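Okay, so here's the structure we're looking at.
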Amino acid sequence: MKQQKINTKNNFLKKIIIKLIRKLGFEIVDQQNYSLLGSIGELHESHSSPGNKSIVIPLGSINIEKKITDLLIIFRSCTAVNIMDQNKQRLFECEKKEYTFRSLNSILKSIQKAKKKFTNTNFKIIVTDGGSFEKDLDYIKKILNIFKNIPSELIKLNFDDFQKKINGN
């Protein structure tokens with residue numbers, strides 16, 4: 001493959017145009033090497049400031065005015081019931097409960113990382129379960145207890161209560 005030479009010379013007019021466009025709130029992307037002109041770094045690097053400023057490539061810079069102070073995540077689970085019309089095997093051919101446990105663990109790890117980046121945001125996760133076996137519910141509680149620094153709640157849904165409300169009892 002032919003190697004292209006990248007001209008890195010900046011002239012005076014180019015610098016003035018870049019400053020003017022940035023004052024208007026936009027970023028210019030050099031499509032030859034995918035760098036943001038006038039700033040340090042490549043596109044895969046984060047130029048956004050969490051909670052303050054977001055850089056979206058086609059739109060430019062967006063200042064965040066309404067701060068998020070609380071984030072509630074609702075995780076719905078059911079390890080006992082398979083989809084009735086499911087005629088395909090699961091991707092890794094594991095039991096449904098394994099996918100539930102791995103997904104919950106992954107979300108909790110993501111929350112942990114987000115808590116480090118968004119220090120002024122309160123995170124909470126609520127797990128609503130609709131029909132898992134007791135041993136699976138115990139394992140979900142165990143996973144939640146591993147991440148003690150994340151407020152959590154496990155709610156076991158009782159479908160009989162919903163059926164009574166539908167029937168008017």
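The values are calculated or read from the model by the stated rules, or taken from the named source; none is laboratory data. Just so it is clear, the model here is predicted, and its values are computed rather than measured. Cβ sites come from the backbone with ideal geometry, for glycine too, and all protein chains shown count toward neighbours.
Restricting to the stretch 101-130, name every residue that is at pLDDT below 90 and touching a strand residue (DSSP E or B) at 6+ places or on another chain (Cβ under 9 Å).
Restricting attention to the stretch 101-130, the residues satisfying the condition of being at pLDDT below 90 are 117-120, 130.
Residues satisfying the conditions are Phe118, Gly130.
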Handout entry: Test result for Lys135, part of a helix (DSSP H, G or I), in the same structural domain as Arg76 (by TED's automatic domain parsing) and under 22 Å from Ile111 (Cβ atoms)
Key = no
